[in-house]
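The values are calculated or read from the model by the stated rules, or taken from the named source; none is laboratory data. Bear in mind the structure is a predicted one, so any value in this text is a computation, not a measurement. Every residue, glycine among them, receives a Cβ derived from its backbone with ideal geometry; neighbour counts consider all protein chains shown. Just the protein is used for accessible areas: all its heavy atoms, side chains included, with ligands, DNA and RNA removed. Shrake-Rupley method; radii C 1.70, N 1.55, O 1.52, S 1.80 Å.
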Amino acid sequence: MNETIGKMEDYLRQFEQIEQFQTEIRSSQDAQLIILFTPEAEKSGFPMQLRGLLIRKANELAGADWFIYGVGEGFS
């Protein structure tokens with residue numbers, strides 16, 4: 001799990017619109033990654049764009065089931 005989440009963290013580091021992210025690995029089968037955006041990015045279309053990019057990246061990372069949740073338009 002640590003290796004898989006590490007790959008996603010490396011991917012997220014490239015986006016300057018992300019203010020921070022926090023990862024919690026609970027077990028070898030369960031982890032959570034929380035993403036916080038800059039104020040400017042929150043008001044833009046970037047969260048929805050990132051959602052699409054994360055879906056694509058999750059499909060590349062075989063061997064894990066991913067669920068992408070969010071708050072706001074497009075996530076409900």
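On the chain, 46 percent of the accessible area sits on carbon and sulfur atoms, based on a 1.4 Å probe. At the residue level, Thr38 shows approximately 30 square angstrom of accessible surface with a 1.4 angstrom probe and all protein chains present.
Using a probe radius of 1.4 Å on heavy atoms only, what accessible surface per residue do you get for the chain? Whole Å² is fine. Numbers along the way, then the final one.
Numbers: 5620 Å² over 76 residues.
Counting only protein heavy atoms, the per-residue value for the chain is 74 Å².
A DSSP coil position with no more than 11 other Cβ atoms inside 10 Å describes the following trypsin sites (Lys or Arg not before Pro) in the chain: Arg13, Lys43. Ranked by solvent-accessible area (1.4 Å probe, protein heavy atoms only, all chains present), the residues Phe46, Phe15 order from largest to smallest as Phe15, Phe46. In sequence order, segment 5-16 has phi-based couplings of 5, x, 5, 5, 4, 4, 5, 5, 4, 7, 9, 6 Hz under the Karplus curve 6.51 cos²θ - 1.76 cosθ + 1.60, θ = phi - 60°, and Gly or Pro positions carry x. Residues whose amide H lies under 5 Å from that of Ala31, counting only those 5 or more places away or on a different chain, are Arg26; hydrogens are built 1.01 Å from N in the peptide plane. For segment 1-75, a crude dipole built from +1 on the beta carbon of Lys and Arg and -1 on the beta carbon of Asp and Glu, taken about the Cα centre, is about 160 debye to the nearest 20.
When Leu50, Leu33 are compared by accessible surface with a 1.4 Å probe, the order from highest to lowest is Leu33, Leu50. Exposure check, 1.4 Å probe, all protein chains in place: Glu19 carries approximately 120 Å² of accessible surface.
At a temperature of 25 °C and a viscosity of 0.890 mPa s, determine how fast the chain diffuses translationally according to Stokes-Einstein, using the Kirkwood radius over alpha-carbon pairs as Rh; express D in µm²/s, rounded to the nearest whole number. Please report the intermediate quantities before stating the final value.
Numbers: Rh = 13.1 Å.
It comes out at roughly 188 µm²/s.
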